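Here is the structure we will look at, set down as structure tokens.
The values are calculated or read from the model by the stated rules, or taken from the named source; none is laboratory data. As the structure is a prediction and not an experimental result, all values here were calculated from the model. A quick note on method: Cβ atoms are made from the backbone with ideal geometry, for glycine too, and the neighbour counts reach across all protein chains shown. Note: accessible area is taken over every heavy atom of the protein model, side chains too, but ligands, DNA and RNA are not part of it. Shrake-Rupley method; radii C 1.70, N 1.55, O 1.52, S 1.80 Å.
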Amino acid sequence: GKRILREQDAFEDTAYAWSTRKKWILLTVVALCQTSMNFNAAIYSNAVGQINEEFGITTARMGMVAFLVPYAFGCELWAPWSEEAGRWIIMQLSLLGVNVSILICALSPSFAGIIAGRVIGGLSSAGGSVTLGMVADMFDPDSQQHAVLWASLWSCLGAVIGGICGGPIQQYLTWRWNFYIQLLFSVTTQVIHFLIAKESRATVMLDKEAKRRRKASDDEIYGPNEVKGGFWKRFDRKEVLKTMWRPYQMLIFEPIVLFLSLLSGFADALIFSFFESYGYVFAQWGFSPVQISLALIPLAASYILAYFSFFPVVRRHAQRRANGEDLAPESRLWWLLFQVVLLPLGLLGSAFVASGPPLHWSGVIVFSVFIGVANYSIYYATVDYMVAAYGEYSASATGGNGFARDFLAGMCALYTGKMYHRLGIRNSQLLLFGLATAFCLPVWVFYYFGPQIRERSKFAQELAADKSKRA
């Protein structure tokens, strides 16, 4: 019987009504959080050799697996809590857990302690599920493309920045400094988020506004969460478990989510495998750790190039919508049709220029740019397509995508070294070329046959039914 304050009643009190400047300030803070977490994932690779030497082991690279695989699950663990308790507090708790985990690694007297710290760090990393949720808090699907472009850019750049910084740390400092520098970056990120970021979750903001109105007058109005009682009272275990299961359900049973997530995960795993394979490739030219790190700079530049390449596409889509055209979700895959081919082309070209002197090392750099452009484009375009195709289920669809990226990136630490040692550089990259070709084919299938495939989707059918009821 209580009157509830809804979004349509107080639109001006939600993040949708924020100014463009305020939205982009939060987007930039979100981007910094994403960069910090992926930085932590990648820079560890440069500490592997020293950790092996320190503890007399050969398995230090398992620290990559210990972080990235729990990271894949951590993203999905945090998302439902952010929808109930709010984005700001959940991101603060996530960053706090990450900082504690880094400190455990830095001070650990054993490799087991490092593994424990890395597992805690992975599970503590809220990652893309929460950061993309914050984008959805501020923008509707038709106006969020530039925001998703920005968030995607820094998600990709975070890992490469970690690789670039890792070389000098490896060459001039001890392995514990690898973690101290992670900690410095992560603590700085948490402080910036604490001071600048604002709550963006609509239900939490409406609760706050309802309390303000009751205090200012006798208006008996309540927020959407208030009427359900306190946090633990309204916390529905079955509903949360259902929400947490949905990304995996969509990843397994939705062909669009499954095949595009496998492509996105494969592309991301390639980047993480670079942190190990570059050591084998550039050792042929006598590169030092610092020089190997510098070789990653063109990869970072390729992400920025791919970022700007989408601007004309987004502008054209906006113009068509302004003219009254109803664009199918598959339109968001159009530019990817051309860029995805750069992934197998980059691997094929690299296979024939990475065989060492007398060939020049610059050939490897050129083809790494191809792979970088494809990786960024795959990540952004698949997320953008899933948001448009799955509507209210888009968080679960993109959650499955993020899970595949982190999980497959973690798995690459198990096979990269063995593959390059057993098959050699050229054959390893030819094998990856074949896999890339197979993973890229679904992009064309979904672009041309996506509407028919979505017609058979349980989730898409529910959305279509809801849309017809509203009409």
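I want to confirm something. Restricting to segment 395-423 and keeping residues that are without any contact (Cβ under 8 Å) to a residue 12 or more places away in the chain and among the basic types (Lys, Arg), which single residue is least open to solvent (accessible area, probe 1.4 Å)? Selected residue: Lys418. Determine which member of the set Leu336, Leu305, Leu327 is open to solvent by less than 50 Å² (accessible area, probe 1.4 Å) and part of a helix (DSSP H, G or I). After ruling out the rest, the residue left standing is Leu336.
Conditions (1) of a type in the set (Val, Ile, Thr); (2) touching a residue at least 60 places away in the same chain (Cβ under 8 Å); (3) in contact with a Gly (Cβ under 8 Å, 6 or more places away or on another chain), marked per residue:
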{"residue": "Ser217", "(1), (2), (3)": "no, no, no"}
{"residue": "Pro224", "(1), (2), (3)": "no, yes, no"}
{"residue": "Val227", "(1), (2), (3)": "yes, yes, no"}
{"residue": "Lys238", "(1), (2), (3)": "no, no, no"}
{"residue": "Leu262", "(1), (2), (3)": "no, yes, no"}
{"residue": "Gly265", "(1), (2), (3)": "no, yes, no"}
{"residue": "Phe282", "(1), (2), (3)": "no, yes, no"}
{"residue": "Trp285", "(1), (2), (3)": "no, yes, yes"}
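Residues of segment 111-145 that are touching a helix residue (DSSP H, G or I) at 6+ places or on another chain (Cβ under 7 Å) and not in a helix (DSSP H, G or I): Ser125, Ala126, Phe139, Pro141, Asp142, Gln144. For segment 379-420, a tally of residues being among the hydrophobic types (A, V, I, L, M, F, W, C), within 28 Å of Ser143 (Cβ to Cβ) and over 12 Å from the mean Cα position of the chain (by Cα) returns 7. Just so you know, in segment 124-143 the residues that are open to solvent by less than 10 Å² (accessible area, probe 1.4 Å) and modelled with pLDDT of 85 or more include one that is farthest from Tyr376 (Cα to Cα), and it is Met138. Of the helices (runs of 4 or more DSSP H) lying entirely inside segment 166-272, those containing at least 3 residues that are buried (at least 16 other Cβ atoms within 10 Å of the Cβ) and touching a helix residue (DSSP H, G or I) at 6+ places or on another chain (Cβ under 8 Å) are 175-196, 202-216, 237-253. Among residues of segment 173-199 that are under 19 Å from Gly158 (Cβ atoms), those with a Cβ under 6 angstrom from a residue that is open to solvent by 40 Å² or more (accessible area, probe 1.4 Å), sequence gap 6+ or separate chain, pair up as Thr189/Leu32; Ala197/Trp88.
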